[in-house]
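Okay, so here's the structure we're looking at.
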Amino acid sequence: MERGAQILCTQELFRSQYFCQSEDHEFFKLAEPIPGPSTKKFQQFAKRKRVVVIASLFEKRASGLYHNTAAIIDADGSLLGRYRKMHIPDDPLYYEKFYFTPGDLGFRAWPTRYGKIGVLICWDQWYPEGARLTALQGAEILFYPTAIGWHPAEKGEHGARQHNAWETIQRSHAVANGCYVAVPNRVGHEQLAGEGIEFWGQSFVAGTSGEILAKASADQEEVLVTEVDLAAVDSTRTHWPFLRDRRTDAYGDLTRRFLD
């Protein structure tokens, strides 16, 4: 806050190491209700510092029912709501389907003291439909709390291509929707199973034309602070009127799994 930050966003599941590297019932003990201890602390913090907070948490909704959830807290300390991760991966060392049920609150945007924001989580970032539906609710900034990295044995062959795809898809959300995109990612090597995951860091903020405004390092923990001008959202959407020219009458098949 000493550097002027008004909206703070944590990495995905920041309260512990990325436990989804293995399927272990012991890790369900990390979950907590929302509202709960973490949201209470963040609400006090947000009110005291007059900042908006997006906190990525392991939510225990009920016995046997858990979500990967972001709590959205306004600058007066009020809990505006939550976003439950909609797309749940199941890949080596990313065994999220063991822990989380898919979100059931849909895609959301919230008016905060410092602008209207939308929140999605990690694996959601590969789906333009989620970004679009959030932007259509007026979101000026899309936040993606993230935990993504390399399998160390694959880094040499696939690492650059994988990272480039990850950055490109999210910059494209900014372009297609004329909004800012902010992506806080984990950094460092966490080894809870096998060779572990080397999180690639490189958190970044993209401008309304997809340009990189700021990027963190690949191997150091740091706080990335970026100033954005929300008036650019209106200007960009006026000059590149993609929302105006959408053929909403022609998109019905998007609700189908595959066109066969």
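For the chain, the solvent-accessible area works out to 50 Å² per residue, with a probe of 1.4 Å and every protein chain left in place. State which stretch of the chain is the longest one without any exposed chymotrypsin sites (Phe, Trp or Tyr not before Pro), exposure meaning a DSSP loop state and at most 15 other Cβ atoms within 10 Å. With a cap of 15 other Cβ atoms within 10 Å, the longest stretch comes to 1-250.
Tally the DSSP beta bridges in the chain and give the antiparallel ones as a percent, rounded to 5. Could you put the intermediate results ahead of the total?
Working: 32 of 43 bridges.
Of those bridges, close to 75 percent are antiparallel.
Three semi-axes describe the equivalent ellipsoid of the range 4-65; taken as square roots of 5 times the Cα gyration tensor eigenvalues and ordered largest first, they are 26, 14, 7 Å. Ranking Ala218, Ala174, His239 by Cα position along the charge dipole of the range 167-239, where only Lys, Arg, Asp and Glu carry charges on their C-beta atoms, puts His239 farthest toward the positive end. Surface calculation, 1.4 Å probe, protein heavy atoms: Ser209 sits at approximately 60 Å² accessible.
Bridge orientation summary for the range 1-108: considering DSSP beta bridges with both residues in this region, about 80 percent are antiparallel. The 3J(HN,Hα) values that the Karplus relation (6.51, -1.76, 1.60; θ = phi - 60°) gives for the range 203-214 are, in residue order, 3, 8, 10, 9, x, 5, 10, x, 6, 6, 8, 7 Hz. Gly and Pro appear as x. For the range 53-70, putting each phi into the Karplus relation 6.51 cos²θ - 1.76 cosθ + 1.60 with θ = phi - 60° gives couplings of 10, 10, 10, 8, 9, 8, 8, 9, 7, 6, 4, x, 9, 10, 9, 8, 10, 10 Hz, in residue order, rounded to whole numbers and with x for Gly and Pro. Between Ala153 and Glu129, the modelled label-to-label distance comes to 3.4 nm, taking each label 7 Å out from Cα in the direction of the beta carbon. About its Cα centre, the dipole of the chain is roughly 1080 debye, where the only charges are +1 on Lys and Arg Cβ and -1 on Asp and Glu Cβ.
Mind running the shape call on the range 145-260? Use the C-alpha gyration tensor, a ≥ b ≥ c as the square roots of the eigenvalues: rounded below 1.5 for a/c, prolate if a/b tops b/c, oblate otherwise. In terms of gyration-tensor shape, oblate.
Couplings for the range 114-121, taken from phi via the Karplus curve 6.51 cos²θ - 1.76 cosθ + 1.60 with θ = phi - 60°, read 10, x, 8, 10, x, 10, 10, 9 Hz in order; Gly and Pro are left as x.
Where both partners of a DSSP beta bridge lie in the range 60-191, what percent of those bridges are antiparallel, to the nearest 5? Walk me through the numbers on the way to the answer.
Details: 13 of 20 bridges.
Percent antiparallel among DSSP bridges in the range 60-191 is about 65.
Computed about its Cα centre, the charge dipole of the range 1-106 is approximately 640 debye, with only Lys, Arg, Asp and Glu carrying charge at their Cβ. Simple rule: put +1 on each Lys or Arg Cβ and -1 on each Asp or Glu Cβ in the range 45-93, find the dipole, and look at Leu93, Tyr66, Val51; the Cα lying farthest toward the positive end is Val51. Amide H contacts of Trp200: Ile148, Gly149, Trp150, each under 5 Å away and 5 or more positions distant or on a separate chain (H built 1.01 Å from N in the peptide plane; Pro and chain starts excluded). Counting only the Cα atoms, the chain fills a convex hull of 139 Å³ per residue.
When only alpha carbons are used to place a centre, the range 196-212 and the range 47-80 end up 23 Å from one another. Our estimate of slack between Glu195 and Ala232, defined as 0.36 nm per intervening residue step minus the Cα-Cα distance, is 9.0 nm. In the range 95-200, carbon and sulfur make up what percent of the accessible area (probe 1.4 Å)? Accessible surface attributable to carbon and sulfur in the range 95-200 totals 55 percent. Between Leu79, Leu65, Leu142, the residue with the greatest mean-square fluctuation in the GNM of the chain (Cα pairs under 10 Å linked by springs) is Leu65.
The values are calculated or read from the model by the stated rules, or taken from the named source; none is laboratory data. Everything numeric here is computed off the predicted structure, so don't read it as measured data. Glycine also receives a Cβ, built like all others from the backbone with ideal geometry; neighbour counts cover every protein chain displayed. These accessible areas exclude ligands, DNA and RNA; they are computed on the full protein's heavy atoms, side chains included. Shrake-Rupley method; radii C 1.70, N 1.55, O 1.52, S 1.80 Å.
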